[in-house]
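Participant: One structure is given below, represented as C-alpha coordinates, and several questions about it will come after.
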Amino acid sequence: QVQLVESGGGLAQPGGSLRLSCAASGSFFSINIMGWYRQAPGKERELVATITGVGRANYADSVKDRFTISGDNAKNMVYLQMNSLKPEDTAVYYCNAAYQRIESSAANVRVWGQGTLVTVSP
(Lines give C-alpha, C1' and ligand atoms only; values in the text may rest on other atoms or scores of the structure.)
Protein backbone atom coordinates (compact mmCIF):
# COMPACT_ATOMS: atom_id res chain seq x y z
CA GLN A 1 0.00 0.00 0.00
CA VAL A 2 1.15 3.50 -0.82
CA GLN A 3 -0.02 6.82 0.52
CA LEU A 4 0.83 10.14 -1.09
CA VAL A 5 1.04 13.47 0.72
CA GLU A 6 1.47 16.72 -1.18
CA SER A 7 2.86 19.95 0.21
CA GLY A 8 4.13 23.29 -0.99
CA GLY A 9 0.99 24.84 -2.35
CA GLY A 10 0.08 28.39 -1.55
CA LEU A 11 -0.17 31.87 -2.96
CA ALA A 12 2.18 33.20 -5.60
CA GLN A 13 2.26 36.30 -7.73
CA PRO A 14 2.20 36.10 -11.52
CA GLY A 15 5.74 35.43 -12.63
CA GLY A 16 6.59 33.94 -9.27
CA SER A 17 7.58 30.43 -8.30
CA LEU A 18 6.43 27.59 -6.09
CA ARG A 19 7.82 24.14 -5.45
CA LEU A 20 5.46 21.27 -4.77
CA SER A 21 6.54 18.09 -3.03
CA CYS A 22 4.95 14.68 -2.89
CA ALA A 23 6.04 12.03 -0.42
CA ALA A 24 5.18 8.39 -0.92
CA SER A 25 5.02 6.12 2.09
CA GLY A 26 3.91 2.60 2.86
CA SER A 27 4.88 -0.77 1.50
CA PHE A 28 5.47 -1.45 -2.16
CA PHE A 29 7.72 -3.35 -4.49
CA SER A 30 8.39 -0.44 -6.81
CA ILE A 31 6.98 2.94 -7.75
CA ASN A 32 7.31 3.05 -11.52
CA ILE A 33 5.92 6.47 -12.40
CA MET A 34 4.83 9.55 -10.52
CA GLY A 35 3.18 12.67 -11.75
CA TRP A 36 1.22 15.79 -11.10
CA TYR A 37 -2.30 16.57 -12.21
CA ARG A 38 -4.35 19.67 -11.57
CA GLN A 39 -7.98 20.61 -11.46
CA ALA A 40 -9.33 24.13 -11.66
CA PRO A 41 -12.89 24.99 -10.59
CA GLY A 42 -15.37 23.87 -13.21
CA LYS A 43 -12.75 22.06 -15.25
CA GLU A 44 -11.66 18.47 -15.64
CA ARG A 45 -8.53 17.17 -14.01
CA GLU A 46 -5.63 17.44 -16.41
CA LEU A 47 -2.13 16.09 -16.66
CA VAL A 48 0.66 18.47 -15.72
CA ALA A 49 3.78 16.31 -15.78
CA THR A 50 4.99 12.77 -15.19
CA ILE A 51 8.35 11.22 -14.50
CA THR A 52 9.53 7.63 -14.58
CA GLY A 53 11.95 5.92 -12.26
CA VAL A 54 14.69 6.36 -14.84
CA GLY A 55 14.07 10.09 -15.10
CA ARG A 56 12.06 10.41 -18.31
CA ALA A 57 9.74 13.38 -18.02
CA ASN A 58 6.65 14.40 -19.92
CA TYR A 59 4.85 17.74 -19.74
CA ALA A 60 1.61 19.25 -20.80
CA ASP A 61 2.09 21.90 -23.47
CA SER A 62 0.64 24.54 -21.16
CA VAL A 63 3.46 24.15 -18.63
CA LYS A 64 6.35 23.05 -20.80
CA ASP A 65 9.45 25.26 -20.35
CA ARG A 66 7.99 26.71 -17.15
CA PHE A 67 7.58 23.69 -14.86
CA THR A 68 10.13 21.03 -14.03
CA ILE A 69 9.33 17.66 -12.52
CA SER A 70 12.01 15.75 -10.65
CA GLY A 71 12.25 12.80 -8.35
CA ASP A 72 14.36 11.24 -5.65
CA ASN A 73 14.10 7.49 -5.87
CA ALA A 74 15.91 6.88 -2.60
CA LYS A 75 13.46 9.08 -0.70
CA ASN A 76 10.38 8.17 -2.74
CA MET A 77 9.73 11.82 -3.44
CA VAL A 78 8.63 13.74 -6.48
CA TYR A 79 8.77 17.49 -6.93
CA LEU A 80 7.28 20.06 -9.23
CA GLN A 81 9.19 23.30 -9.61
CA MET A 82 6.81 25.88 -11.01
CA ASN A 83 8.31 29.04 -12.45
CA SER A 84 6.82 31.94 -14.37
CA LEU A 85 3.46 31.24 -12.82
CA LYS A 86 0.33 32.51 -14.50
CA PRO A 87 -3.15 33.07 -13.08
CA GLU A 88 -4.39 30.19 -15.21
CA ASP A 89 -2.11 27.87 -13.23
CA THR A 90 -4.46 28.30 -10.28
CA ALA A 91 -5.79 24.87 -9.37
CA VAL A 92 -5.66 22.05 -6.89
CA TYR A 93 -2.59 20.01 -7.73
CA TYR A 94 -2.69 16.27 -7.13
CA CYS A 95 0.19 13.85 -6.91
CA ASN A 96 -0.27 10.50 -8.59
CA ALA A 97 1.75 7.32 -8.55
CA ALA A 98 1.68 3.96 -10.24
CA TYR A 99 3.27 1.26 -8.14
CA GLN A 100 3.65 -2.48 -7.81
CA ARG A 101 2.54 -4.31 -4.69
CA ILE A 102 4.91 -6.64 -2.91
CA GLU A 103 2.27 -9.37 -3.09
CA SER A 104 1.78 -9.04 -6.85
CA SER A 105 4.60 -7.05 -8.33
CA ALA A 106 3.46 -7.59 -11.92
CA ALA A 107 0.34 -5.47 -11.43
CA ASN A 108 0.29 -1.68 -11.39
CA VAL A 109 -1.77 0.14 -8.81
CA ARG A 110 -2.57 3.85 -9.00
CA VAL A 111 -2.92 6.09 -5.98
CA TRP A 112 -3.74 9.76 -5.55
CA GLY A 113 -2.76 12.31 -2.98
CA GLN A 114 -5.20 14.63 -1.27
CA GLY A 115 -4.22 17.67 -3.31
CA THR A 116 -2.61 21.00 -2.55
CA LEU A 117 -4.03 24.34 -3.63
CA VAL A 118 -1.98 26.69 -5.79
CA THR A 119 -3.30 30.20 -6.22
CA VAL A 120 -1.64 32.66 -8.59
CA SER A 121 -2.87 36.18 -8.06
CA PRO A 122 -1.50 39.72 -7.70
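Participant: Counting other Cβ atoms within 10 Å of each Cβ, which GluC sites (Glu not before Pro) in the range 1-78 have at most 10 and sit in a DSSP loop?
Facilitator: Glu44
Participant: Top mean-square fluctuation among Gly42, Gly55, Gly26, Gaussian network model of the chain, C-alpha springs under 10 Å?
Facilitator: Gly42
Participant: Taking all protein chains in place and a 1.4 Å probe, what share, in percent, of the accessible surface of the chain do carbon and sulfur account for?
Facilitator: On the way: 3210 of 6580 Å².
With neighbouring chains kept in place, the figure for the chain is 49 percent.
Participant: A further question on this structure: Mean-square fluctuation check for the chain, GNM, Cα pairs under 10 Å: which of Pro14, Pro87, Pro41 is largest?
Facilitator: Most flexible of the set in this elastic network: Pro41.
Participant: Take the Cβ-Cβ distance between Glu103 and Arg56 as r, set R0 to 30 Å, and report the resulting FRET efficiency rounded to the nearest 0.05.
Facilitator: Rounded to the nearest 0.05, the efficiency is 0.65.
Participant: Hey, can you find the accessible area per residue of the range 20-60 for me, probe 1.4 Å, expressed in square angstrom?
Facilitator: 53 Å²
The values are calculated or read from the model by the stated rules, or taken from the named source; none is laboratory data. Nothing here was measured: the structure is a model prediction, and the numbers come from that model. Cβ sites come from the backbone with ideal geometry, for glycine too, and all protein chains shown count toward neighbours. The protein model used for the area step is the full one, side chains on, heavy atoms only, and it has no ligands, DNA or RNA in it. Shrake-Rupley method; radii C 1.70, N 1.55, O 1.52, S 1.80 Å.
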